[in-house]
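Asker: Structure below; questions to follow.
Each value in this text was obtained by applying a stated rule to the coordinates, not by laboratory testing. Just so it is clear, the model here is predicted, and its values are computed rather than measured. As a convention, Cβ positions derive from the backbone with ideal geometry for all residues, glycine included, and neighbour counts pool all protein chains shown.
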Amino acid sequence: MSHILVLSRQKGQVDRRILAELNTLSASGRSVTFVSVPALIPAGSLSERVRVIMPPVQQATSALATRLKRLAAAFPVAFEDLLKIAWHCLHLSSLPNFFLQMTPTEAFDAIHCHDLDTLPAGVLLRQRLAPHAKIIYDSHELFPFQYKCGDKRQRDWSQIERTHIHEASLVVTVNTTIAQELSRLYGITKPEVIYNSYGAYRSSTTLTEQEFLRHFTAPAGGFRVIFPGAFIWDKNLANLVRAFQYLPDTLQLFLLGTGPAATKLQTLARKLRLSNVFFGSWVPQEHLLQYLAHAHLGIIPYTGGTLLNNLYCTPNKLFEFIEVEIPVCASDLPELRRIVVGHGIGDVYPMEDPKAIAHALQTCHARCLRGEFTVEARRAARALFAWDKQGEKLLTLYQRIGV
């Protein structure tokens with residue numbers, strides 16, 4: 001029986017990709033130890049066979065990190081970048097320490113590193129605990145390219161990735177374009193792709209249409225466009241809200257979630273006197289699909305901008321829409337085009353401004369009414385991208401490297 005160590009620095013709530021992989025590895029008979037910074041694990045989402053080593057969630061923020069955040073709030077905006085760089089340097093200096101302190105002194109057969117900020121720790125742990133262990137680098141994104149080229153953070157993370165990626169016996173990532181880019185950047189064999197399919201636990205309870213509408217305080221009878229997730233200003237959500245001033249009241253936007261931009265977006269909707277935009281509070285992951293299933297169309301308005309990580313994204317919500325078999329209206333980004341258009345489950349459009357988004361939604365609405373995004377296509381996509389297919393691939397890759 002192989003003994004697998006899995007590392008995560010994901011804060012907030014543990015990503016469902018991580019949970020799905022942990023469950024798949026454990027169900028295969030492997031012994032799995034999960035070491036993580038403090039984060040929430042939704043009830044019922046993780047197998048009891050997985051050994052979890054994690055400090056209490058309330059210890060998630062260090063005293064120094066708290067002071068830096070207070071400084072950021074107190075200083076003028078001009079100093080914000082300096083404080084971000086200070087936090088970045090603090091973060092880099094402490095990267096491996098947490099895992100070196102928390103990981104049991106045991107011999108592991110493999111060390112599975114989720115994202116770049118765990119990879120240096122994985123390499124050190126192999127040196128100290130298990131020289132023959134295989135390293136799996138699970139790249140959830142183009143991590144250095146969350147930042148602009150030339151930014152110190154981008155340079156530092158690129159150097160870390162360049163230094164350590166060759167230590168991995170297996171590199172996996174979330175889509176084909178990112179796999180190609182990692183290969184080009186570092187001269188490695190093209191990484192394997194495991195999609196962020198919906199592998200999360202779901203509740204068996206039902207949600208009526210009336211309960212759905214009540215959650216948003218919305219009237220019945222409209223064509224429902226839904227955006228689930230974090231409300232972040234640079235995700236083009238302001239333009240999405242503004243688009244609905246150009247659309248009839250029968251086209252309704254349902255924003256499901258929370259985040260730092262929530263208040264600003266609500267204020268914007270009130271200022272524009274929009275009667276077709278509705279906000280619903282965050283719901284637990286196990287109930288999310290029940291809400292999405294009451295929508296007629298899912299929207300992904302992200303723009304690529306100047307960041308490669310944004311340009312090549314395949315956000316979780318794409319696979320949530322696929323799982324509930326609703327059509328998708330998305331920005332014209334490479335991987336969104338590959339999946340949405342390639343499988344006939346929706347279409348992609350320019351979404352750089354409110355009028356462009358309104359046009360995209362009007363067009364998608366008409367095509368939905370004509371039945372162009374067929375039930376058969378959506379069911380086929382769901383079957384293709386389902387987690388059981390991704391989990392089978394993960395186990396095949398593990399077998400390939402002998403663990």
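Asker: Averaged across orientations, what area in nm² does the convex hull of the alpha carbons in region 294-403 project?
Answerer: The number I arrive at for region 294-403 is 8.1 nm².
Asker: Could you give log10 I(q)/I(0) at q = 0.14 Å⁻¹ for the chain, computed by the Debye formula over C-alpha point scatterers of equal weight, without solvent?
Answerer: -1.38
Asker: Treat every Asp and Glu Cβ in the chain as -1 and every Lys and Arg Cβ as +1, leave all other atoms uncharged, and give the resulting dipole magnitude about the Cα centre to the nearest 20 debye. Spell out each step's value before the answer.
Answerer: Details: 42 positive and 34 negative charges, 116 e Å.
Its charge dipole is roughly 560 debye.
Asker: Also: Among all lysine pairs in the chain that are eight or more places apart or on different chains, how many have alpha carbons less than 21 angstrom apart?
Answerer: Lysine pairs meeting the criterion: 22.
Asker: To the nearest 20 debye, what is the magnitude of the charge dipole of region 209-385 about its Cα centre, counting +1 on the Cβ of each Lys and Arg and -1 on the Cβ of each Asp and Glu?
Answerer: Details: 17 positive and 15 negative charges, 82 e Å.
That gives region 209-385 a dipole magnitude of about 400 debye.
Asker: Same structure, new question: Taking the Cβ of each residue in His3, His287 as the centre, tally the other Cβ atoms inside 10 Å and list the residues starting with the fewest. Please report the intermediate quantities before stating the final value.
Answerer: Details: His3 16, His287 13.
Going from least to most buried by this count: His287, His3.
Asker: Mind giving me the nanometre distance, one decimal, between the label points for Ala293 and Ile232, set 7 Å out from Cα along Cα→Cβ?
Answerer: In this crude spin-label approximation the distance works out to 2.9 nm.
Asker: Using a simple charge model, +1 on the beta-carbon of Lys and Arg, -1 on the beta-carbon of Asp and Glu, nothing else, what dipole does region 280-357 show about its Cα centre, in debye to the nearest 20? Walk me through the numbers on the way to the answer.
Answerer: Numbers: 4 positive and 9 negative charges, 22 e Å.
Charge dipole, region 280-357, about its Cα centre: 100 debye, nearest 20.
Asker: Report ³J(HN,Hα) in whole Hz for each residue of region 38-51, in order, from the Karplus equation J = 6.51 cos²θ - 1.76 cosθ + 1.60 where θ = phi - 60°; Gly and Pro get x.
Answerer: Each residue's phi maps through the Karplus curve to give x, 7, 7, 10, x, 4, x, 8, 10, 4, 5, 6, 7, 7 Hz.
Asker: What is the chain's relative contact order, in percent, from Cα pairs under 8 angstrom and six or more apart in sequence? Kindly include the intermediate steps, with their values, before the conclusion.
Answerer: Details: 702 pairs, mean separation 55.4, N = 403.
Across the chain, relative contact order equals 14 percent.
Asker: Which residue, chosen from Val123, Leu40, Leu22, occupies the Cα position most advanced towards the positive end of the dipole of the chain, where the dipole is computed from +1 (Lys, Arg) and -1 (Asp, Glu) charges on Cβ about the Cα centre?
Answerer: Towards the positive end, the residue furthest out is Leu40.
Asker: Viscosity 0.890 mPa s, temperature 25 °C: Stokes-Einstein D of region 209-385 from its Kirkwood Cα radius, in µm² per second?
Answerer: Working: Rh = 16.1 Å.
My calculation gives 152 µm²/s for D.
Asker: Name the residue from Thr267, Ser281, Gly229 whose Cα lies farthest towards the positive end of the charge dipole of region 223-294, charges +1 on Cβ of Lys and Arg and -1 on Cβ of Asp and Glu.
Answerer: Of the options given, the answer is Thr267.
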